[in-house]
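Report on one structure; see the data block that follows.
The values are calculated or read from the model by the stated rules, or taken from the named source; none is laboratory data. Keep in mind that this is a model prediction, so the values were computed, not measured. Here the Cβ positions follow ideal geometry from the backbone for every residue, glycine too, while neighbour counts run over all protein chains shown.
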Ligand code: KIV
Ligand code: ZN
């Protein structure tokens, strides 16, 4: 199986997005969890952006000398030097420098010519190489860049010393087959002189699909974040790309060093630090990701979880599947819950509890265990013990 490197940018692209800023102790606790999770490269901040980012890169790189720690820098001297300074005590420093390459960014944002951008990109890479061998270059807005020009930029930065070339779908505009085509072309152009990396935003909900299409086309690094946090609609969710590879090795024959059973705890930790959690129906880590409510589903699940679960909750660190008892639930699930709550129901008792339950559940989002217990007890109190006469 081919190895795919997981580049985590929760503390940089994630942290810079609204509602996601973290204090220094929170960043350090998050870094600890990411290291335990097994990420290969940890992007700890954008040192020129703030002292907080500088300190985070410095602290994380000192604390985890065995981990590749990346610092972001625009393709200019001040940024690269600041990133290098933040990484000065790192044992495995990576300088990640970037500049936009699409005409729309060149014309309206940078006001630079294509040649100027190539010159600045190569100069930044060469400067970064004075500090570390591990230099990554990102062509911001790669997916809206003229592919011929993009190839010219990629070749030039590799010539200047970049070991990793990242082709971000900065605005989440690409679709899987198109992205795969672009990645395949750059992989072919660069050969084994550089690792091609992907960094996808989720503006069209395609960040994970695009990342997976890209590795099939030869990319070997995925940039992603826990819970998919990041600019606007976010980045590709780490837990989703990793789990997809685990569950579908037939189609995605790639391996990572991620300890999957730590995915859910890491997601929960992040949720404690930022102002929002994953949406309930979010894959892998959402509250409903392993919840079953429909009666047919619950019945199948109780007979064999594989009928409705393609991932075992334990494999991603989720404590258990949840059978939500609501208006769509059936007798089988209710009997099972009564058993869990310590009560065996006769057929007649089950019928009666079920009738009362459906009446109540009709007006509610789902019943809590204490409410179910109260129903069971009321029915049990009325039922006649075997052998007794009235
Ligand atoms: O989305 C993007 O293009 C980025 C780069 C700085 C890598 O975050
Ligand atoms: Zn980004």
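Of the residues 156, 233, 162, 194, only one is under 20 Å from residue 280 (Cα atoms) and either within 16 Å of ligand 2 (Cβ to nearest atom) or in contact with a helix residue (DSSP H, G or I) (Cβ under 8 Å, 6 or more places away or on another chain) (or both); which? Even if it seems obvious, please write down each step before you answer.
Working: 156 fails: under 20 Å from residue 280 (Cα atoms); 162 fails: under 20 Å from residue 280 (Cα atoms); 194 fails: under 20 Å from residue 280 (Cα atoms).
Of the residues listed, the single one that is under 20 Å from residue 280 (Cα atoms) and either within 16 Å of ligand 2 (Cβ to nearest atom) or in contact with a helix residue (DSSP H, G or I) (Cβ under 8 Å, 6 or more places away or on another chain) (or both) is 233.
What do you reckon, is residue 11 within 16 Å of ligand 2 (Cβ to nearest atom), surrounded by 24 or more Cβ atoms within 10 Å (Cβ to Cβ) and assigned to a helix (DSSP H, G or I)? Don't jump to the end; show me each part of the working.
Numbers: within 16 Å of ligand 2 (Cβ to nearest atom): yes; surrounded by 24 or more Cβ atoms within 10 Å (Cβ to Cβ): yes; assigned to a helix (DSSP H, G or I): yes.
Yes, satisfied.
Which members of segment 336-351 meet the condition of being crowded, with 19+ Cβ neighbours inside 10 Å and either in a helix (DSSP H, G or I) or at positive phi (or both)? Break it down stepwise before answering.
Quick first cut of segment 336-351, residues crowded, with 19+ Cβ neighbours inside 10 Å only: 337-338, 345, 350.
Across segment 336-351, the qualifying residues are 337, 338, 350.
So which pairs qualify, if the first residue must be in segment 365-382 and under 10 Å from residue 349 (Cα atoms), the second must be assigned to a helix (DSSP H, G or I), the Cβ gap must be under 6 Å, and the two must be at least 6 apart or on different chains?
The qualifying pairs are 376/338; 376/353; 379/349; 379/352; 379/353.
Check whether at least one residue in segment 107-115 is assigned by TED's automatic domain parsing to the domain that holds residue 42 and surrounded by 19 or more Cβ atoms within 10 Å (Cβ to Cβ), and report yes or no.
No, every residue in segment 107-115 fails to be assigned by TED's automatic domain parsing to the domain that holds residue 42 and surrounded by 19 or more Cβ atoms within 10 Å (Cβ to Cβ).
Can you name the condition, by its number, that residue 272 falls short on among (1) free of Cβ contacts under 8 Å to residues at least 24 places away in the same chain; (2) touching a strand residue (DSSP E or B) at 6+ places or on another chain (Cβ under 8 Å)?
Failed condition: (2).
Scanning segment 14-38 for residues that are away from ligand 1 (no atom under 16 Å from the Cβ) and in a loop (DSSP other than H, G, I, E, B), which turns out surrounded by the most Cβ atoms within 10 Å (Cβ to Cβ)? Give the steps one after another, and end with the answer.
The first filter runs over segment 14-38 and keeps only residues away from ligand 1 (no atom under 16 Å from the Cβ), leaving 19, 21-38.
With the extra rule that they be in a loop (DSSP other than H, G, I, E, B), the set shrinks to 19, 21-23, 38.
Numbers: 19: 8, 21: 15, 22: 19, 23: 10, 38: 16.
Looking at residues that are away from ligand 1 (no atom under 16 Å from the Cβ) and in a loop (DSSP other than H, G, I, E, B), I get 22.
Quick one: which residue in 56, 83, 73 is closer than 19 Å to residue 165 by Cβ, more than 16 Å from ligand 2 (Cβ to nearest atom) and assigned by TED's automatic domain parsing to the domain that holds residue 158?
Working: 56 fails: closer than 19 Å to residue 165 by Cβ; 73 fails: more than 16 Å from ligand 2 (Cβ to nearest atom).
Unique residue meeting the criteria: 83.
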